[in-house]
């Protein structure tokens, strides 16, 4: 399946803007959510082809949102790539255990991000 519609979930307006610009430059359609709770609610309605998920957010963390989306039969097929400043191996392992397909550490390398999306 070709990835066309991507949801960016990040509480940082700067990071959200940077990711959105990167994706739009490569022809992707972008929806945004600024919290884990908003992402979980909107993913069911919008059914994006992929999700870029931050971890450190107020309220529901990206780990919790990833787990919720990955375990819901309605949204389980949507691939999630975690994009976080948390770069420890334990963070990466935990993110993948929650259901993420991949894990990128900020600052995000545009070339690597696009390659990972194409590989989904």
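Bear in mind that the values in this text are calculations on the coordinates, not laboratory data. Only a predicted model underlies this, so the values are computations on that prediction, with no experimental measurement involved. Here Cβ is always computed from backbone atoms with ideal geometry, including for glycine, and neighbour counts include all displayed protein chains.
Worth a mention:
- Taking the helices alone, the chain has a mean residue ellipticity at 222 nm of -13000 deg cm²/dmol, built from -39,500 (n - 2.57) per DSSP H run of at least 4 residues and averaged over all its residues.
- Its relative contact order, with pairs defined as Cα atoms under 8 Å and 6+ residues apart, puts the chain at 24 percent.
- For region 5-119, share of DSSP beta bridges that run antiparallel, in % to the nearest 5: 0 percent
- Legend: calculated FRET efficiency, residue 25 to residue 60, from the Cβ-Cβ distance at R0 = 41 Å, rounded to 0.05, equals 0.90.
- Distance between modelled label sites at residue 105 and residue 13, nm, 7 Å Cα→Cβ extension: 2.9 nm
- Taking each residue as 0.36 nm, the span from residue 115 to residue 93 lengthens on full extension beyond its C-alpha to C-alpha distance by 5.8 nm.
- Recomputing percent of Cα pairs over 23 Å apart from the coordinates shown identifies the correct label among [x] 34; [y] 17; [z] 76 as [y].
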